[in-house]
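**Student:** My questions will all concern the structure given below.
The values are calculated or read from the model by the stated rules, or taken from the named source; none is laboratory data. In this text, all values refer to a predicted model and were calculated from it rather than measured experimentally. Here the Cβ is made from the backbone with ideal geometry for all residues, glycine too, and neighbour counts use every protein chain on show.
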Amino acid sequence: MAKTQTFSSEERAAMKERVKETKTSRGKVSPEEAEAEVVAKIAEFDDADRELAEKVHAVIRKAAPELTPRLWYGMPAYAKGGKTICFFQPSGKFKARYSTLGFNDGAALDDGAMWPVAFAVTKMTAALEKQIAALVKQAAG
């Protein structure tokens, strides 16, 4: 019987990044160091992902300055009380068609019995900046 891979190489790499991030965070990095780590990670992205990530980062930092930037599975993320509220997944990370702005269960986005927790992001516009800002403000509580 052939052995099957449960996780892709990209998924395994993300899990390894998360283990490294967890070990690093035990040393408690300062907010400035955390910001620098996120900005450095964004700088590693390909041109299209980097441009989107820089804009999303700026919108999130302005809309919800109380959220703490951090790395989460090798992606820029923003936390409150130590819990990741939202994150930016570049398209290149898992060879996806589009980048994603995602929200975790700590985000205050509850709306009835079902609500979106991830959004495809292909191009930043002024209207999209406003939409992201509103979502992040709501998510941050």
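**Student:** Quick test of your reading of the structure: GLU37 fulfils all but one of (1) touching a residue at least 24 places away in the same chain (Cβ under 8 Å); (2) surrounded by fewer than 20 Cβ atoms within 10 Å (Cβ to Cβ); (3) in contact with a helix residue (DSSP H, G or I) (Cβ under 7 Å, 6 or more places away or on another chain); (4) not small (Gly, Ala, Ser). Name the failing condition by number.
**Tutor:** (3)
**Student:** From the list ALA127, ALA139, ALA107, ALA120, which residue is over 15 Å from ILE60 (Cβ atoms) and surrounded by 11 or more Cβ atoms within 10 Å (Cβ to Cβ)?
**Tutor:** Answer to the selection: ALA120.
Listed here are the residues, each with its yes/no results for (1) surrounded by fewer than 20 Cβ atoms within 10 Å (Cβ to Cβ); (2) without any contact (Cβ under 8 Å) to a residue 60 or more places away in the chain; (3) not charged (D, E, K, R).
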position: GLU54; (1), (2), (3): yes, yes, no
position: ARG61; (1), (2), (3): yes, yes, no
position: ALA64; (1), (2), (3): no, no, yes
position: LEU71; (1), (2), (3): no, yes, yes
position: GLY92; (1), (2), (3): yes, yes, yes
position: ASP111; (1), (2), (3): yes, yes, no
position: ILE132; (1), (2), (3): no, no, yes
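**Student:** Which condition breaks for ALA43 when tested against (1) within 25 Å of LYS16 (Cα to Cα); (2) surrounded by 13 or more Cβ atoms within 10 Å (Cβ to Cβ); (3) modelled with pLDDT of 95 or more?
**Tutor:** Failed condition: (2).
**Student:** Take ALA96 and decide whether it is out of contact with any helix residue (DSSP H, G or I) (no Cβ under 7 Å at 6 or more places or on another chain) and surrounded by fewer than 16 Cβ atoms within 10 Å (Cβ to Cβ). Before the answer, list the steps.
**Tutor:** Details: out of contact with any helix residue (DSSP H, G or I) (no Cβ under 7 Å at 6 or more places or on another chain): yes; surrounded by fewer than 16 Cβ atoms within 10 Å (Cβ to Cβ): yes.
So ALA96 fits the description; yes.
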